[in-house]
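Student: This is the structure I have questions about; it appears just below.
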Amino acid sequence: MPVDMINNPHHEPVNGANNNNLHDIMDVTCHASIYALEDIPPPPLIDDLIIDANKDKDAQDQLHKNSKVASSQYGVNIFIVGLFLMLAVYLKIIRLTENNRLTFLVVLMLIQVVWMTFYICVNDRKKWASTEKDGHAGARWLRCGIVLFAATTIVMHALKLGYFVGYSECLPIIEGIYPVTHNIHTFFQVYFLWCHSKDVIKSFKKLERFGLIHSVFTNLLLWASAVATESEHQLEEHMGRLKSLGFVNITLNIEHLECNCTTNLCKDFKKGIYYIYPFHIEYQILASAMLYVLWKNIGNKTDHSPHKTKLKLNGVLTSSILGLIVLAATVGVVVAYLLNIGLSKTNSEMALSVYYFYSITVLSLMCIGSLLGLVIYKIERKPVVKEKSPSVKLDADMLVGSAIGSWIVSWGSILAIISAESHPAYTWYNLPYSILVIIEKYVQNLFIITYINHCGQCDLKATHIEIPIGMGQISVPAESTEFTTWKGHEVKQHDSLQHKQSTNDKTHKPPANLKIQNFKKSLLKNITVFLFLCNISLWILPAFGCRPQYDNGLEATVFGIIPWIIIIDIALPFSIFYRMHSAYSLFDVYCNI
């Protein structure tokens, strides 16, 4: 068939446009012939371009994974070096002094300050550097908490600086440089976390990964340093308490400074430092967690919708009264413990017995509440919402991870009770207390993790309705009232919802036990409020000096004073942090019920 008939099958006159089309077809044919003769590959097709784009994307993803692995290895090695340096100084196995350890920490803090300054300047001048936000990260409660703990840290290092001034004649200059540097580091870090803890970093990814992982492990090393320093401060005081209980065989050599204090306030400074150390340790753990979320969020592609919570205090009067009673009893236990421990054998045994009896009662009630909440969840069979935000997953991981500290101490106490040759009267309170600590945290973790993975509003937002139109279907969200066009038909979703509901009414009856459902919801709220107040109460006890793990002397006799003190100083900060993080998670659970 002639070419003009192909372009003009009705034998109409061929105009200029048709001639142009004909020339185009001939050019394509000629070019194809040339490619075939000269073995020149033809131009890439659309599918080839898509494949190349996917390859480039995979290459970029692999590059990001490599930088993530490289930065994590860098951080781990920094942490290992710091730990071995600390152990070498405290065990005196090589020629290293406290000056070397403090100098290493000062250098790490200054590097982090320089990086944070760069990050803040880039974000202030170029808004495109980080435009996305993770609504689940950097909750206001966490930011306010870290500001509070940072304030206590600044006060503590101010007291350290005053202590250095008093003993400046026999202390090296690094002892004065360290608290000043630490305060500068704390100020920059709190500002950074307050303003940028929700950032999802999209630019300078390699640099930011190394900067953030450096910050994470710097804070972990500062935490380890604080734990070791607090152990030294506590040994002398707990020795006196143990002697009051009759443990006279425990001895310890403590070094003292060779010069006198020039300000007559050094004892007060040292005492103030001792009381603030638990808050400083919590600050370092909390800062490490928030920085780790930032590191995990780099280049993340998730739904960063704002995480809104609504607090409605209705129908929780019963649990509030019970929780406040527990809180008031906690204050009484703290006062009784601190006033009696260490005075005499009788007073110390009474203080320990009161502490154990109170804790056994509270832990038992918390176990019952958590189990009841799990039973309600099992009956209702609520759907689970999978969150992609690293901060949501980290909440669950931190609950389990921080609970390990209490489990280590509890199993150590149980083993010490079994292995001990003599058993004082308070020992038999220590055994059920340790068992209940293990069970309560196990059950409470299940309760919290179950409900933080459930969104109370997902039933409405996830409801979709299928409407038959012609030969197809359309799926529309239940809450929407907008118009949707499908195959030439305009359908109002609100009307479709009413049509669907009228159809369902004929086949499904409304729930007859609405009062029972409301009762379950009210009961769940009361359980959450009660657990919230109980966790705050159990946080107050160790934070303000009620630490029977140090003072009962049984575990120290079995394991040795120095090993047991080290175990306690590592595990106890995690236990305190667990109570604080549990309270935050329970608050989030309550708002979503």
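The values are calculated or read from the model by the stated rules, or taken from the named source; none is laboratory data. Since the model is a prediction, treat every value here as computed from it, not as a measurement. Ideal geometry is used to build each Cβ from the backbone, glycine not excepted, and the neighbour counts take in all protein chains shown. The area values use the complete protein model at the heavy-atom level, side chains included, leaving out ligands, DNA and RNA. Shrake-Rupley method; radii C 1.70, N 1.55, O 1.52, S 1.80 Å.
Student: Beta carbons within 10 angstrom, averaged per residue: use that to sort the peptides 182-192, 284-294, 97-107, highest first.
Tutor: Highest to lowest by the protection proxy: 284-294, 182-192, 97-107.
Student: Divide the volume of the convex hull of the Cα atoms of segment 312-366 by its number of residues and quote the answer in cubic angstrom per residue.
Tutor: In segment 312-366, the Cα convex hull volume per residue is 70 Å³.
Student: In segment 167-227, what percent of the accessible surface is made up of carbon and sulfur (1.4 Å probe, ligands and nucleic acids excluded)?
Tutor: Using a 1.4 Å probe with all protein chains present, segment 167-227 comes out at 72 percent carbon and sulfur.
Student: Among Lys441/Lys515; Lys92/Lys441; Lys92/Lys160; Lys296/Lys520; Lys68/Lys525, which pairs are too far apart, with a Cα-Cα distance over 29 Å?
Tutor: Violating the 29 Å limit, Cα to Cα: Lys441/Lys515; Lys92/Lys441; Lys296/Lys520; Lys68/Lys525.
Student: If you roll a 1.4 angstrom probe over the protein chains with everything in place, what fraction of the accessible area of segment 541-593 belongs to carbon and sulfur, to the nearest %?
Tutor: 78
Student: Between Ile80 and Asp268, what length in nm is gained on full extension when 0.36 nm per residue of separation is reduced by their alpha carbon distance?
Tutor: Stretched out fully, the Ile80 to Asp268 stretch lengthens by 64.2 nm.
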